[in-house]
């Protein structure tokens with residue numbers, strides 16, 4: 001791999017410490033959430049930082065795919081949820097859900113963009129096969145193969161996109 005950019009950060013004190021990037025652009029206090037038997041506190045945590053990073057990278061990838069297909073992804077937003085919980089064999093793992101709201105796209109277009117962005121996003125590539133990542137559009141999960149009809153410009157369209165009708169997973173529990 002040809003490296004285009006390298007971010008460097010230093011953390012002291014682990015989850016209850018302080019982190020900063022070498023260029024000084026990010027400088028944060030860290031706190032352990034109450035849900036993880038921590039004191040809470042005003043600091044952020046690794047899961048929040050990962051959620052912001054993944055969502056930013058994923059949305060940029062999605063918007064690039066949309067531009068290539070001449071689709072309007074303006075005013076879209078990605079809501080990212082990162083959960084942490086036990087693996088069941090002595091460690092911890094993460095789970096991620098990414099939900100797209102794209103007011104200028106049909107449900108089928110949005111689902112197709114989510115699937116293509118998930119193939120290309122560096123965070124998705126780094127996590128693939130390692131953690132569970134669930135994708136959804138306006139709370140509808142992209143899981144099982146099903147044709148979803150939609151209306152666009154007065155014409156019916158459908159596409160075989162991985163979609164399960166139902167609510168998106170809520171914030172992951174750490175139980």
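The values are calculated or read from the model by the stated rules, or taken from the named source; none is laboratory data. Here the structure is a predicted model, which is why all the values come from computation and not from measurement. For neighbour counting, all protein chains shown are included, and Cβ atoms are generated from backbone atoms with ideal geometry for every residue, glycine included.
I need the full set of residues from the stretch 106-138 which are part of a helix (DSSP H, G or I) and under 25 Å from residue 85 (Cβ atoms), in order please.
Going through the stretch 106-138, the residues part of a helix (DSSP H, G or I) turn out to be 107-120, 122-127.
Hits for the stretch 106-138 are 114, 118, 122, 123, 124, 125, 126, 127.
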Next item on the list: Taking only the stretch 66-83 into account, find how many residues are closer than 11 Å to residue 110 by Cα and either surrounded by 20 or more Cβ atoms within 10 Å (Cβ to Cβ) or over 17 Å from the mean Cα position of the chain (by Cα) (or both).
Entry: 4
Next item on the list: Would you list the strands (runs of 3 or more DSSP E) that sit entirely within the stretch 1-95 and hold 3 or more residues that are outside the structural domain of residue 115 (by TED's automatic domain parsing) and modelled with pLDDT of 95 or more?
Entry: 9-12, 18-21, 27-29
